[in-house]
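Read through the structure below, which is laid out as structure tokens, and then see the notes.
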Amino acid sequence: MSATTGASQDAASAFLDLLDDYRLAPNVFDSMLTSEGTVRSEWLGVLARLRQIGAADRRTLNDSAQRILRENGVTFVAQDDTESTHRPWQLDLLPLVIGPGDWQALETGLVQRARLLNELLADLYGEQRCLAENVLPSSLVFGNPRFLPACMRLPAKQQLGLHLIAFDVARAPDGRWWVLGDRTEMPSGAGYALENRVVTSRCLPELFAESNVRRHAHFFRAYNQHVLSLTDKDEPLAVFLTRGPGKLTYFDHAYLARYLGHEIVEGSDLTVRDECVYLKTIEGLRQVDLIFRAVRSELTDPLELRADSMLGVPGLLQSARAGNVTIGNQLGSGVVESPGFLSFLPALCRQLLDEELAIPSVATWWCGQPSERRYVLEHLDNLLVRRISTTHSVLAGGHDGRVNKYSTEVAPGQLGDLIERAGYDFVGQEPLTLSTTPVWTDLGLAPEPCVLRVYVAATASGYQVLPGGLTRIAHDSDPNSAWLAASDVSKDTWVLSDTPVEPLTLFARQHGEARLRRSHRNLPSRAADNLFWLGRYAERAEAAVRLFRSLVIRLAGELGSNRYPVSHERVVSLLVIHKHISPRRAKRAREEGRLAVERELWTLLFDSDSRDGLANVLGNVKRTAEIVRERLSFDAYQTLMVLTDVPDRRQRESTSETDEALRLLNRLVQNLAAFSGIAMENMTRGYGWRFLDLGRRIERMRAMQHLVHNLTAHGDPENDGSLELLLELADSRMTYRGRYHSSPELGRVLDLVLADQSNPRSIAFQLAAISDHLATLPSTEDDGLLRQDQRITTEMLSKLQVADVFEIAAKKNRFDSRILIDRLCRDIKKSANDLSDGISEQFFSHSAPQRVSGYEFLA
């Protein structure tokens, strides 16, 4: 007996033992079996390993996978979810395994299909021979809202309109492959497929290494290099145009963009000048050569397509028409993914390629033809009916055009009438019985139907297929429906090789003279704006937490501990100044007394519905961090997520005692300090870090002047505890005691928190840091003079450096107010506001004239 025969018999025995363990019939896992009922060779090694993994180990592996996905923030939005809830990505670690022979047949057929759709797209927007020769009915094309006449005869370099295509394929129980649908508009899911591969290979490293699995990197490297070469530039600027964070499939496109090394942008980040597309960066406008599109075609240009679109770039179509930007996929490409084309593809393949279609589509009848319409009407109970004109998302959202006689969108008995009146807008499709594959559950293995999304990309050697893809398991929903339902689970897809697989990185080693880079200067203005506000929100959160902690301590002292007591009037005043409670609520709390003030403070700390409370302050940090997540390190992002999750955990403890409040606030201070340390020590000193720190400095400057003004401009701060509170909130108490060994004196405290540049909490320190950042940031001025923002910083810093703090502390008016403190604080507040406005105008809004290649534009 040969070794191969022995291995097959061992695998078959292992397979039967597994089935016996879970009391399953052999035919329930038809994806693992050949048409003769024997175990497919590609499953031999996997089956041997499966028997070695017990229930406890299986749970540990699944927990590890979910932890990695959770840490990486992998989420999706389920179809039909009107609230766009971001759900955790679900991954079954047991991969779908496909052998070399099966894959080669599928690969060949999909490459042919990609060539066919590319030729069809070129013909529909070009000579339209298919319509002239009646291979396609004209109503199928011109009645489709995805056909965009404005996109006629757009130039396509190397005759490529489709750079990346996805095909939803499934294997029937007899082992034959069928195509369920074509995705040509903006194929999604490749980012999820990459993440699945990363997680699966980390959790099952030995099995992955032993199975000789083909890698993904070569596919993406070939795709990336080829589309970049279409720009005919040595260093082209490529961007991913997305709908923005929080939208459907944003994680998917953002992950792929980071993997390929390109900027993630929104429509507002781009502008068109002189028929060229430019990226708004903090250094001005930079010409964009390539756009990977994750926005539907009709939404990309409000000038020539949909005027109500807020996602596009006015003038983009004209730039593409002039050949100044390459867009992948070509605008208007969604027309060829219509299910109405499926029944015509065999004839189109003969017409355009002079070949027979290798892989059949699921049986489809377009109701625009009398005989097909009659067949669909006679078999409504047995067919899936889809509306062609329905705009649907590939991975989530919408109904994927599915309609049936029980649909809430169609009155009972009216579906037939709709098809009779508008048959051109409907297709009938035969439901396909899908093969099943094993899925790990809490009880063991379970058979589930699966659909595979395969990606095909244009490369220098022609269309190439990603060896693998995104496998979808539909537990409780229709496996023929749109991706993804709330109950769906994904799998990694392992395509095995019969030759050794060499590990490969995404980018090839560059030959010739090496060039070094120590900065990344293409920082989009919107990203800089978001980093700036992340810094401001993080500092605002720290100021709020420190204030709440000090007030809790002082309220406790007033109630009996006698540690730094402070009146409830002062507590209310501070909360109003920092806009945590409204003047109306403050008045009511003052009238009701100390217990009402304490109740307001507990509300701010622990009521998640409080508009001005801690949850809202931390929520601003979280939302902004999610927007700029791709620009933060893993540790920085996780620190912020842990920070913003603390109130939720505390809320579940259902207690409001002082000790619990202080433990919560101390933990928040530590988390905020950790984020500050990570930003200071781990972020490279590029423009992104500078805008993050600029936001912190301006916000700290504003907060400090509020404290100084409120605690020192009136009354007797040396004797009423105000200076102690000020030093505590400025985190400067130990510094003061170490220098003076005495109780706080107003002049000395003012010097420490206003003018001492060695104190990182002082206003002078913030101004010096701001001045350093502004001097480093790019400038459109070439006259050698200071910009307005630099003049503001220099002037304010000079005022503090020459200020006589003892005179400022002593001089009062007839109302017993320290007029010089009041005046100085007002100047500091105005400077901070003017700085924020000036930075926004200069770097974020692009309202100033911009210079590009010798021309001056108003952006």
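The values are calculated or read from the model by the stated rules, or taken from the named source; none is laboratory data. None of these values were measured; they are calculated from a predicted model. Cβ sites come from the backbone with ideal geometry, for glycine too, and all protein chains shown count toward neighbours. Ligands, DNA and RNA are excluded from the accessible area calculation, which covers all protein heavy atoms including side chains. Shrake-Rupley method; radii C 1.70, N 1.55, O 1.52, S 1.80 Å.
Checking each residue in the range 73-92 for being at pLDDT 80 or above and part of a loop (DSSP other than H, G, I, E, B) picks out Val74, Trp89, Gln90.
Looking across the range 281-315, the residues that are touching a strand residue (DSSP E or B) at 6+ places or on another chain (Cβ under 6 Å), outside any loop (DSSP other than H, G, I, E, B) and of a type outside the set (Val, Ile, Thr) come down to Gly284, Leu285, Arg286, Gln287, Leu290, Phe292, Arg293.
The residues listed here are Glu420, Glu448; of these, the one that is in a strand (DSSP E or B), open to solvent by 10 Å² or more (accessible area, probe 1.4 Å) and either within 30 Å of Val376 (Cβ to Cβ) or in the same structural domain as His379 (by TED's automatic domain parsing) (or both) is Glu448. Apart from one condition, Tyr637 fits all of (1) surrounded by 21 or more Cβ atoms within 10 Å (Cβ to Cβ); (2) of a type outside the set (S, T, N, Q); (3) out of contact with any Leu (no Cβ under 9 Å at 6 or more places or on another chain); (4) under 19 Å from Leu547 (Cβ atoms); the exception is (4). Looking only at residues in the range 93-128 that are in contact with an Asp or Glu (Cβ under 7 Å, 6 or more places away or on another chain) and modelled with pLDDT of 95 or more, the one that is nearest to Asp354 (Cα to Cα) is Gln112.
Of the residues making up the range 194-237, those that are among the aliphatic types (A, V, I, L, M), within 30 Å of Leu94 (Cβ to Cβ) and not in a strand (DSSP E or B) are Leu194, Val198, Val199, Leu204, Leu207, Ala209, Ala217, Ala222. Candidates are the residues of the range 124-154 that are part of a loop (DSSP other than H, G, I, E, B) and charged (D, E, K, R); the one that is least open to solvent (accessible area, probe 1.4 Å) is Arg146. Against the test of being over 30 Å from Glu420 (Cβ atoms), of a type in the set (Asp, Glu) and open to solvent by 10 Å² or more (accessible area, probe 1.4 Å), the options Glu356, Glu337 yield a single qualifying residue, Glu356. Quick one: would you say Asp182 is among the acidic types (Asp, Glu) and either under 17 Å from Leu331 (Cβ atoms) or assigned to a loop (DSSP other than H, G, I, E, B) (or both)? No; evaluated as a whole, the condition is false for this residue. Taking the range 660-705 as the range and being closer than 17 Å to Leu618 by Cβ and touching a Gly at 6+ places or on another chain (Cβ under 6 Å) as the test, the residues that pass are Gly695, Arg696. Just to be sure, is Leu692 in contact with a Pro (Cβ under 8 Å, 6 or more places away or on another chain), at pLDDT 90 or above and in the same structural domain as Ala755 (by TED's automatic domain parsing)? No: the conditions fail for Leu692. Scanning the range 164-179 for residues that are under 28 Å from the mean Cα position of the chain (by Cα) and either under 19 Å from Thr436 (Cα atoms) or open to solvent by less than 10 Å² (accessible area, probe 1.4 Å) (or both) yields Ile165, Ala166, Phe167, Asp168, Val169.
Checking each residue in the range 54-70 for being open to solvent by 40 Å² or more (accessible area, probe 1.4 Å) and at pLDDT below 80 picks out only Ala55.
Scanning the range 730-773 for residues that are among the β-branched types (Val, Ile, Thr) and either within 20 Å of Leu820 (Cβ to Cβ) or in the same structural domain as Arg549 (by TED's automatic domain parsing) (or both) yields Val749, Val753, Ile763.
When residues in the range 689-703 are screened for being crowded, with 21+ Cβ neighbours inside 10 Å and either over 26 Å from the mean Cα position of the chain (by Cα) or of a type in the set (Phe, Trp, Tyr) (or both), 8 of them pass. Residue count for the range 704-732 satisfying the condition of being touching a Leu at 6+ places or on another chain (Cβ under 7 Å) and open to solvent by 40 Å² or more (accessible area, probe 1.4 Å): 1. When Ile577, Ile627, Ile581 are checked against the criterion of being under 30 Å from Glu263 (Cβ atoms) and either at pLDDT 80 or above or assigned by TED's automatic domain parsing to the domain that holds Leu662 (or both), Ile627 stands alone in meeting it. Screening the range 318-332 for residues that are in contact with a strand residue (DSSP E or B) (Cβ under 9 Å, 6 or more places away or on another chain), open to solvent by less than 20 Å² (accessible area, probe 1.4 Å) and not β-branched (Val, Ile, Thr) and picking the one that is farthest from Val135 (Cα to Cα) gives Ser319. Can you work out which of the residues in the range 359-373 that are in a helix (DSSP H, G or I) and not acidic (Asp, Glu) is most open to solvent (accessible area, probe 1.4 Å)? Per the criteria, the residue is Pro370. Residues being open to solvent by 60 Å² or more (accessible area, probe 1.4 Å) and either closer than 25 Å to Pro778 by Cα or of a type in the set (D, E, K, R) (or both): count how many of those fall in the range 668-688. Selection size over the range 668-688: 5.
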